[in-house]
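The values are calculated or read from the model by the stated rules, or taken from the named source; none is laboratory data. Because the structure is a prediction, the values reported are computed rather than measured. Reconstructed Cβ throughout: ideal geometry from the backbone, glycine too, with neighbour counts over all protein chains shown. In case anyone asks, the SASA skips ligands and DNA or RNA and just uses the protein heavy atoms, side chains included. Shrake-Rupley method; radii C 1.70, N 1.55, O 1.52, S 1.80 Å.
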Amino acid sequence: MKTFWEVLLGLKSLFTGLSITIREFFKPTITTHYPRQTETIPARFRGHIQLTQNPDGGASLCIACKSCERACPSACIIVEGVKKTDGPGKTVSEFRLDFGTCSLCGLCIEACPVKPVKAIEFTKRYNLASTTNDYADMDLVQRYKDLQAKKS
Amino acid sequence: MKALNLIPVGDPADETFTLNLGPQHPATHGVLRVKLVMDGEYITSAQPVIGYIHRMHEKMGENRTWAQYLPNTSRVDYLSAMTYTHAFVGVVERALKIEVPQRAEYIRVITSELNRIASHLVGWGAWVMDLGGFTPILYAFDDREKILDLLEGICGSRLTFCYYRFGGLCNDVDEAFVSGTKAFVPYMRERMKMYKRLVTDNIILRKRLEGIGPVSAEMCRRYGACGPVLRGSGVAYDVRKAEPYSVYKDFDFDIPHYPQGDSMARYLVRMDEIEQSLRIIEQAIAKLPDGPTMGKAPRIVKLPVGDFCYATECARGRLLVRVTSDGKENPYRVRLRTPCFTNLSLFEEASKGMLLADAIAFMGSLDLVIPDIDR
């Protein structure tokens, strides 16, 4: 008697499973076919950092105060500054990011004191896989200049 | 040696052999190694060997400032990162007596509960996959994807959120998150009904789980097991009710518990917990107050000299963060009392005399995350 009920319950389980599978079969696919389709990256996406483009053009907003360097948990940021030739303060001469040790936490951006626009921001780049190690060492000052040249 | 009498074949001393389960076995969900002494298909002793993914999270705490430890908290139990950050942020707030705005507390509860659902979905899907059912994990990851999309929209990261700060949150939620969460709750309830029909009522699953790996409340107490393992043994202990932190006492929810103590009981506890989390999210979204999301926190965090601790209920059980401060910028000691470590401890005793295939089902019921064991 027990076996009979088990067979019956087994059949019921089987047909419930099959009916759900058939229903799902006709639903639209949920996977993104990656190289042909891409997802929109959300506005707050935490990619690697870069120097924010100065809205007025010219040099970066960074004042080389090294707040980000101190805030970084993995010590992957190196900032060097030189005295400005025109007026007080410093301007950034070297901004290196070792992306290999970066944990993408965003504490550097929170520490940035520049107002109203912070001097560093997240990028939305995600295609950063590489077979060599040298992609990880990023020269952000050079990247800033490249992006600026591209814009103008 | 009493358990050996259960084994129906000859003299175990002559017949046993050693078998390594892991460290790269897919059923251990990570780099956990279990040294099994087998007698045919039966286990005479199962000794977990841990430390393959030891990353010195506790020691790292001593070498960085309080704020710099925040990204680490998401990486201990990567599946329920929010609750871990909550515990560490909570201990600093308790020590410095930082007032957290109501809106921030409500958002913390919503995101923690969303994270708990996501964590249970992964645990559930992977567990059913260990038992031989491949399809449910695909459905589970589809639903989890919806949660991760919501969380990514507000904090920018999908797994290692690092969203809470001392005194509040790193940024406020937007309208898309609120409406997305409101839409997610009824959607998930429908899916839970489907999961019940597809998996929970399935006779194969019931046969694999019912009566497997009995864990008594007394054994849980001896090993310090917590979370769904303890609740599956009939003890209704949940940190959210026992010592309410954040704003959990404002919400109406039950603690699911089942007295059977077998793997099926732990399975049902997790499924019911998803529904309770949905209830909490629904109430919190309805009551979400306006206001700031960041309280007054000092720029350079320095804790007063002393010992502080804070417990949260993470997806796998009770997480306690205990910190010792000597008044400097770095912690003197960070201690994480993690649930997976204690839940794994009872595996050796409970799996004696079990079939190997049942031991895999039993290990899935403990829902282990290996970095959480090794820290």
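Each residue in region B:152-177 was checked for being open to solvent by less than 10 Å² (accessible area, probe 1.4 Å), in a helix (DSSP H, G or I) and more than 10 Å from chain A (Cβ to nearest Cβ), and 1 of them qualify.
Restricting to region A:38-83, name every residue that is more than 14 Å from chain B (Cβ to nearest Cβ), over 26 Å from residue B:69 (Cα atoms) and acidic (Asp, Glu). Residue satisfying the conditions is A:56 alone.
Do we have residue B:132 as part of a loop (DSSP other than H, G, I, E, B), more than 9 Å from chain A (Cβ to nearest Cβ) and over 30 Å from residue B:301 (Cβ atoms) here? It is true that residue B:132 is part of a loop (DSSP other than H, G, I, E, B), more than 9 Å from chain A (Cβ to nearest Cβ) and over 30 Å from residue B:301 (Cβ atoms).
Residues in region B:190-215 that are of a type in the set (Asp, Glu) and either within 10 Å of chain A (Cβ to nearest Cβ) or not in a loop (DSSP other than H, G, I, E, B) (or both): 2 in all. Residues that are under 17 Å from residue B:165 (Cβ atoms) and open to solvent by less than 50 Å² (accessible area, probe 1.4 Å) within region B:295-330 comprise B:295, B:297, B:301, B:303, B:310, B:312, B:321, B:323, listed in sequence order.
Please work out which residue is nearest to the other protein chains (Cβ to nearest Cβ), limiting yourself to region B:96-114 and to residues that are of a type in the set (D, E, K, R) and over 20 Å from the mean Cα position of the chain (by Cα). So, considering only residues that are of a type in the set (D, E, K, R) and over 20 Å from the mean Cα position of the chain (by Cα), the one nearest to the other protein chains (Cβ to nearest Cβ) is B:103. In region B:266-294, the residues that are in contact (Cβ under 8 Å) with a residue 24 or more places away in the chain and open to solvent by 40 Å² or more (accessible area, probe 1.4 Å) reach residues that are hydrophobic (A, V, I, L, M, F, W, C) and not in a helix (DSSP H, G or I) with C-beta atoms within less than 7 angstrom, at least six apart or across chains, in these pairs: B:279/B:253; B:283/B:251; B:294/B:169.
Identify all residues within region A:84-110 that are of a type outside the set (A, V, I, L, M, F, W, C) and within 14 Å of chain B (Cβ to nearest Cβ); write none if there are none. Give the derivation first.
At the first step, the residues of region A:84-110 found to be of a type outside the set (A, V, I, L, M, F, W, C) are A:84-91, A:93-94, A:96, A:98, A:100-101, A:103, A:106, A:110.
Hits for region A:84-110 are A:101, A:103, A:106, A:110.
Report yes if some residue within region B:115-124 is away from every other protein chain (no Cβ under 13 Å), touching a strand residue (DSSP E or B) at 6+ places or on another chain (Cβ under 9 Å), among the hydroxyl-bearing types (Ser, Thr, Tyr) and in contact (Cβ under 8 Å) with a residue 60 or more places away in the chain; otherwise report no. Yes, there is a match, as at least one residue in region B:115-124 is away from every other protein chain (no Cβ under 13 Å), touching a strand residue (DSSP E or B) at 6+ places or on another chain (Cβ under 9 Å), among the hydroxyl-bearing types (Ser, Thr, Tyr) and in contact (Cβ under 8 Å) with a residue 60 or more places away in the chain. Where strands (runs of 3 or more DSSP E) fall wholly inside region A:65-152, the ranges with 1 or more residues that are open to solvent by less than 60 Å² (accessible area, probe 1.4 Å), of a type in the set (Val, Ile, Thr) and without any contact (Cβ under 8 Å) to a residue 24 or more places away in the chain are A:77-83. Checking A:29, A:16, A:21 one by one, the residue that is part of a loop (DSSP other than H, G, I, E, B) and either closer than 21 Å to residue A:123 by Cβ or within 12 Å of chain B (Cβ to nearest Cβ) (or both) is A:29 and no other. Within region A:47-61, not a single residue is of a type in the set (D, E, K, R) and assigned to a helix (DSSP H, G or I).
Within region B:63-94, the residues that satisfy the criterion of being part of a helix (DSSP H, G or I), open to solvent by 10 Å² or more (accessible area, probe 1.4 Å) and of a type outside the set (S, T, N, Q) are B:67, B:78, B:79, B:93, B:94.
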